[in-house]
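Below is one structure, written out as structure tokens, with a few remarks after it.
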Amino acid sequence: MIYVFYLLTVAAVVWFSVLASRYIDMIDRSTKLSGAFLGGVLLSAITSLPELFTSISATTLIDDASLCIGNILGSNLFNFGMLAVVILFFAKGFSQANLARSHRTVLLLLLLMYVVVWLNWQQVVDAEIILGAESPWFYVSVTSLVVVLLYALSVRYLANDNGAAKSDEEASEEVALSLKSIVVRFVAASVGIIVASVILTYVTDDIAERLNLGSGLAGALFLGVATSLPEVTSTISLFRMRNFDIAFGNIAGSNVFNYFVLAIADLLYVRGTVYFFEDSKVINLTLFGLVASATMFVMLCSRKMWVKMAMALLAIGCYFAFLLV
């Protein structure tokens, strides 16, 4: 029965997230914001709400930091793996797409986030101290401060990206609902995401105990995959509409936002820091996530189709390699 309840909760998270994305799309039709900003900041923040509230629940309600970081890193790895699968299906269109240059900057900042978290863990192993723990600032480690700074830089680059101008047809397209109605429905969908995400955290913790998986693996498999479904759903829809810029920005922006979520969870976790993890599965997630992020960066930098496809296969391989290891 617990597994049926898990699937129902996952379905609720996806449904509410898709609704929220649709209302953001309605607002998009009446603005001149760039695709990089819409996908990398606005849409990514909406579809990452499950990661936000499941991570907060894991630290403040369940008191399980490994479940939190497993959720974030597992979600990031799954995001890139699924993005790579979709890219393979739309290989020709994606290889010819004109993506915003700011996506490369965001991926570089994401790589730095992985390195910072890895160095923090190495500091714990080598010196048996937590980076920044001797002089905590509201229980936030130096790692979280660096992550917040890197996230702020990514938002700045995306906000300054002018992107491609909308066509006259897109600019003149009318929305059936009034702005007030859209906002009310968006708020309702967001509340639904919050409630379903909190429930999902408790269900995942129960499954982890029953299967004796460990919090890190449970967070990566159950929470990481479930909370990534909104990103995957919206990305597939955008690829079908050949809106590759917003689609790629949604995934890259979601992964960067997830690290920002990790910093928030660290702020709220008063018993220590979420970066103090001993689970080998979480360590593997960090390494494979770093490699997957690097492959995406190489993919954007190369103009050759075979290189893009090879990097996509490598990103998919990183996710399956984690499952095997």
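The values are calculated or read from the model by the stated rules, or taken from the named source; none is laboratory data. Note that the coordinates shown come from a computational prediction; the quantities given were computed from them, not determined experimentally. Note that each Cβ is placed from the backbone with ideal geometry, even for glycine, and that neighbours are counted across all protein chains shown.
Do you know which of the residues in segment 251-282 that are modelled with pLDDT of 85 or more and either of a type in the set (G, A, S) or not in a helix (DSSP H, G or I) (or both) is farthest from A84 (Cα to Cα)?
For segment 251-282, the residue satisfying everything is A265.
Could you tell me how many of the residues in segment 55-66 are surrounded by 24 or more Cβ atoms within 10 Å (Cβ to Cβ) and either among the aliphatic types (A, V, I, L, M) or farther than 16 Å from V282 by Cβ (or both)?
Selection size over segment 55-66: 3.
How many residues, within segment 154-185, are crowded, with 16+ Cβ neighbours inside 10 Å, modelled with pLDDT of 75 or more and closer than 20 Å to G253 by Cα?
Within segment 154-185, residues that are crowded, with 16+ Cβ neighbours inside 10 Å, modelled with pLDDT of 75 or more and closer than 20 Å to G253 by Cα number 4.
Can you tell me which residue in segment 194-250 is modelled with the lowest pLDDT, limited to those that are farther than 24 Å from A20 by Cα and surrounded by fewer than 20 Cβ atoms within 10 Å (Cβ to Cβ)?
Taking the candidates together, the pick is G214.
I'm trying to understand the selection: among the residues of segment 258-293, which are within 15 Å of L107 (Cβ to Cβ) and either of a type outside the set (F, W, Y) or surrounded by fewer than 24 Cβ atoms within 10 Å (Cβ to Cβ) (or both)?
N258, G289, L290, V291, A292, S293
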